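What follows is a single structure, written as structure tokens, with notes after it.
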Amino acid sequence: MEARKKKITVQVGCRSEWHALEKALNPEAALMPQDLGPFSQYHIAELGGAQLIFFQGGPSKAVAAAACQHALTTYTPDLHIMMGTCGGVSGLAPHGGVLYAHQAAQYDCIDRLCESNDFFYAAFDVHIDNRWIREVLEARGLVGGTIATADQDIDYTVRKTLMAHGADVADWESAAAALVCHYNKVPILILRGVSDIPEESLSQEDQAESFLQTTPEIMGALAKLLPVIAEQLSKKTVLQNTRIPLYARPFHVFPIESC
């Protein structure tokens, strides 16, 4: 009896990343366009013995989360990949380098009713177990680190704050998609290439130009990783690899009379 092919959903955020990925994959992946979904056109491809479903979910946490949930419900994948570009923070991944996330955290959730001053909203932190693929990725020059997500591009001031709290890169979507995968018990792999690194001497126009110039190179590099990831997935049983350990912590709210 022939073994069932593994299914991988591949989510991309912004339009520039999506078009660059389409261009990188089309010659070798024999992309088959599917009907338009609620977020973008879907493409199906066979790579590394697995079926890959590509789609552009769009930027921002809300849109990315909705797109992720739609893909998980529609295709019931064995693995969800969130990939694209990011802003560099710590320097762990250099400009043009690629990072895989072992932690995804949100930094624009501000709860003023809790007894907590944590910079990252700890109840939504997602820890990702990449042991099944880590050696494969690191052999190809990738590094593991923490990705911080919010509905904003980072500037030099935000970068310094993120660096002080242990973030390595920052984006618009990854932590939201990771949380959705956690709730659905679907393993996630987050891959992000550094398209720009905010510096005090650089203008927003400089950052934007860096993003536009570097995105095709990054998406091309990520496309080359997909067959390798698919092959590794066929060899190993992926763990249910997300966890939110802090949900066990009691939720304390200040009494009304103290407000």
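Derivation of every value follows stated rules applied to the coordinates shown; laboratory data play no part. Here the structure is a predicted model, which is why all the values come from computation and not from measurement. Cβ atoms come from the backbone with ideal geometry, glycine included; neighbour counts cover every protein chain shown.
Ranking of Trp132, Trp18 by neighbouring Cβ atoms within 10 Å, starting from the fewest: Trp132, Trp18. Neighbour counts of C-beta atoms inside 10 Å place Cys68, Cys109 in the sequence Cys109, Cys68, starting with the fewest. Each residue in Ser210, Ser234 was given a count of other beta-carbon atoms within 10 angstrom of its own, and listing them fewest first yields Ser234, Ser210. Note on the stretch 39-76 and the stretch 81-101: Cα centroid distance 21 Å, given to the nearest whole angstrom.
Find how much the distance from Val143 to His19 grows on full extension, using 0.36 nm per residue of separation minus their present alpha carbon separation; answer in nm with one decimal.
Details: separation 124, 0.36 × 124 = 44.64 nm, distance 2.53 nm.
So the chain would gain 42.1 nm between Val143 and His19.
Answer rounded, prolate or oblate for the stretch 85-206, using the Cα gyration tensor with square roots of eigenvalues a ≥ b ≥ c: rounded when a/c is under 1.5, else prolate when a/b is larger than b/c, else oblate. Kindly include the intermediate steps, with their values, before the conclusion.
Values: a/c = 1.98, a/b = 1.02, b/c = 1.94.
Oblate shape, in that a/c is at least 1.5 and b/c is the bigger or equal ratio.
A crude spin-label estimate for the pair Gln34 and Ile110, with each label 7 Å from Cα along the Cβ direction, gives 3.9 nm. Cross-link partners for Lys5 among the aspartates and glutamates, with Cα-Cα distance under 17 Å and sequence neighbours closer than 8 places in the same chain left out: Glu46, Asp78, Glu231. Net length available on complete extension from Glu205 to Tyr183 is 4.1 nm, with 0.36 nm assigned per residue and the Cα-Cα distance removed. Modelled label positions at Lys236 and Ile44, each set 7 Å beyond Cα in the direction of Cβ, lie 2.8 nm from each other.
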